[in-house]
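One structure below.
The values are calculated or read from the model by the stated rules, or taken from the named source; none is laboratory data. The model shown is predicted, which means the values in this text are computed figures rather than measured ones. Counting neighbours? That spans all protein chains shown, and the Cβs are built from the backbone with ideal geometry, glycine included.
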Amino acid sequence: MKAMGIAAALALMLAFTLWPRSQPSVDQVAQLRYANAVLQRRIDALESQVRVRADQACGSSSSSSSSSSRSSSSIGSNNATASAGALLDVHRRWDWRAIVDDFLRPWPAVSREQLDTAVAACNGSAMYCQRFQVHNGQLYITDYAAIFFDRHYAPARVLPLLDTLRRHPGLPNLDIVVAGNDEPRVHSVPGDRKQWLRTCERYCTAGQPPPALFSSTTNRASLDLPWLDFAWFFPKRPHKLRTPPWAVLHPQLVAAGGRVAWAAKIELAMHTGNVGSTQRKVLSSVAKASPTEMLINELFIGDHAKITQRCVERGLHRTGGFQQHKCFMTFEDQCSYKYLLNSASIGYANKFKSLLLCGSVVLYVRDGMRHKEFYELGLLPGVHYVAVDRAQDVPAMVRWLRKNDEYARAVGQAGRARMTSLGAGGLADFIAELLTQYSRRQQFAVKPQPGAVLIECEDDLWRHYALSRGWLANYLTRDNGTCVHRPAAGAKLGPPGWGGSYRGSKPRCYASHDRNPGAQPHACDFESPYSMSESFEPDGQWPRAHPKSVDGWHQW
């Protein structure tokens, strides 16, 4: 019976998922035909069960009739289970071509001048601003901003492309500028007169084309192109945010989410973590007034050193309401809730992808959610998650979902099926499709910039961004399996690259520090700089470290 209910809900959801938004391609027509065949089998199974129920309701009492009914019911149940699985399989396929086409629709062409404009748009106002060039299968980078105090997350902006180039060695030549910040930068809001006039003044009357800039998040009110947030490629070694990279985390979360049965999940809408944003403070207030529907467990990063007990160990996992700094939850603990809250954080919330892997219903609170990550264009509200407008709407939605449990379960399964297929390989497939389509729009021949740094392996990045030898020892992977072109078997490896391409480069000092009067105005004084592990070479020259550096980057 449960398989029947889930399959019915999934069938309705799939019909909505596959509703064509534009003229379908030949591949899409084939997919639609396949989906229709699956749906037809599901309808046949449902009709079979309806006939069986009708016969039972009529009071058929003969033994032969009862035996036939049991047999038909068993067949119908098996068909329902099979079609539910087939419907979930459809959710595991990402149509990156359509998603990328939607992102690139405003960009029929990209000029070199638009990349120069992009550098100007992010340089000096972003923590990271980098130019990535792929030329004949090799990756070159130029840093325009790489903040000194956050270098342990600098490689995370480059690694998506490095990993994609390793997995897709036929990637075409391309030239892009990536801004490492939480929000889009190229605003385009025609309904806001003041902002629209500012946009026109900046990119129209000044004679500058709008920048072709890749950012961690996008929205309909900006022209930014999508890049991966740094959380996808956290360091493999221990770091202050403690979360492993997605390639490590994803299979762990898939396994943890699969260990909690739907029937065992607690029927509360739960959030655990920081409650610093305005929206989450409202959410906490609503939870305090609605303890039978919600639980907010406030916890800060700094609490982990002090709070050592899980909420379930303290018996605080079923109480509901709003509790502060009392206990923590593992991911599997979070998956034990039937409804999980995703709401606006300071900047933006990046745990949506993880919550979906629980197989619970993710309640997406729209208030304050101004920006989206790339994969969100492949998700549908009501199909992969459930959306509400405000925090105040959550209790009523929880009550409704309790009454419609089979639908809720179908949403949870569809969201989980979607995200289980977005592992490291899926990320590379998206980047490959994005950059392949982008490269077709370039109106210039790509060649590495003078002074650009060749990157072959992950450790090339750690060496390039390292602040000292001691710092570097905390992050080196010593894994040449990350190299685009691996060293030949038996090759003799040695400094400075150890199988990679590193030759002693460093980010330039001006890219590393805020030299405004109230910040570090003298950080780049050549005779007494803030750090010697930076380059003072002019643009266009090889960015070697300060000549007085004692770390000997060119030989270590």
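Can we say His250 is in contact with a His (Cβ under 6 Å, 6 or more places away or on another chain) and not in a strand (DSSP E or B)?
Details: in contact with a His (Cβ under 6 Å, 6 or more places away or on another chain): no; not in a strand (DSSP E or B): yes.
Criteria not met by His250.
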Inset, instruction - For the stretch 144-152, state whether one or more residues are small (Gly, Ala, Ser) and assigned to a loop (DSSP other than H, G, I, E, B). - result: no
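Return yes when Lys326 is touching a residue at least 24 places away in the same chain (Cβ under 8 Å), charged (D, E, K, R) and surrounded by 19 or more Cβ atoms within 10 Å (Cβ to Cβ) and no when it is not. Give the derivation first.
Working: touching a residue at least 24 places away in the same chain (Cβ under 8 Å): yes; charged (D, E, K, R): yes; surrounded by 19 or more Cβ atoms within 10 Å (Cβ to Cβ): no.
When the stated conditions are applied, Lys326 does not pass them.
Scan the stretch 271-314 for residues that are of a type in the set (A, V, I, L, M), in contact with a helix residue (DSSP H, G or I) (Cβ under 7 Å, 6 or more places away or on another chain) and crowded, with 20+ Cβ neighbours inside 10 Å and report the count. Full working, then the answer.
Going through the stretch 271-314, the residues of a type in the set (A, V, I, L, M) turn out to be 275, 282-283, 286-287, 289, 294-296, 299, 301, 305, 307, 312.
From the residues that got through so far, the ones that are in contact with a helix residue (DSSP H, G or I) (Cβ under 7 Å, 6 or more places away or on another chain) too are 275, 282-283, 286, 294-296, 312.
Next, only the ones that are crowded, with 20+ Cβ neighbours inside 10 Å stay: 275, 283, 286, 294-296.
Of the residues in the stretch 271-314, 6 are of a type in the set (A, V, I, L, M), in contact with a helix residue (DSSP H, G or I) (Cβ under 7 Å, 6 or more places away or on another chain) and crowded, with 20+ Cβ neighbours inside 10 Å.
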Inset, instruction - Could you please find all residues in the stretch 118-138 being modelled with pLDDT under 90 and crowded, with 20+ Cβ neighbours inside 10 Å? - result: Ala121, Cys122, Ala126, Tyr128
Legend entry - Residue that is out of contact with any Pro (no Cβ under 8 Å at 6 or more places or on another chain) and either aromatic (Phe, Trp, Tyr) or within 24 Å of Leu249 (Cβ to Cβ) (or both), where the choices are Asp393, Asp460, Asp389, Asp405: Asp460
Inset, instruction - For the stretch 222-234, indicate whether the set of residues that are part of a loop (DSSP other than H, G, I, E, B), more than 14 Å from the chain's Cα centre (by Cα) and in the same structural domain as Asn474 (by TED's automatic domain parsing) is non-empty. - result: yes
Inset, instruction - May I ask you to list the residues in the stretch 479-501 that are more than 19 Å from Tyr140 (Cα to Cα) and either surrounded by 12 or more Cβ atoms within 10 Å (Cβ to Cβ) or touching a residue at least 40 places away in the same chain (Cβ under 8 Å) (or both)? - result: Asp479, Pro495
Inset, instruction - Just name the residue that is nearest to Pro538 (Cα to Cα) out of those in the stretch 487-520 that are hydrophobic (A, V, I, L, M, F, W, C) and either part of a loop (DSSP other than H, G, I, E, B) or modelled with pLDDT under 90 (or both). - result: Ala519
Inset, instruction - For the stretch 428-448, enumerate the residues that are in contact with a Lys or Arg (Cβ under 7 Å, 6 or more places away or on another chain) and either closer than 11 Å to Leu174 by Cα or in a loop (DSSP other than H, G, I, E, B) (or both). - result: Phe444
Legend entry - Number of the condition not met by Tyr153 [criteria: (1) modelled with pLDDT of 90 or more; (2) closer than 28 Å to Phe444 by Cβ; (3) of a type outside the set (Val, Ile, Thr)]: (2)
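Of these, Ala256, Ala269, Ala263, which one is free of Cβ contacts under 8 Å to residues at least 40 places away in the same chain and either aliphatic (A, V, I, L, M) or in contact with a Gly (Cβ under 8 Å, 6 or more places away or on another chain) (or both)? Explain how you work it out, then say what you get.
Details: Ala256 fails: free of Cβ contacts under 8 Å to residues at least 40 places away in the same chain; Ala269 fails: free of Cβ contacts under 8 Å to residues at least 40 places away in the same chain.
Step by step, each of Ala256, Ala269, Ala263 is checked, and only Ala263 is free of Cβ contacts under 8 Å to residues at least 40 places away in the same chain and either aliphatic (A, V, I, L, M) or in contact with a Gly (Cβ under 8 Å, 6 or more places away or on another chain) (or both).
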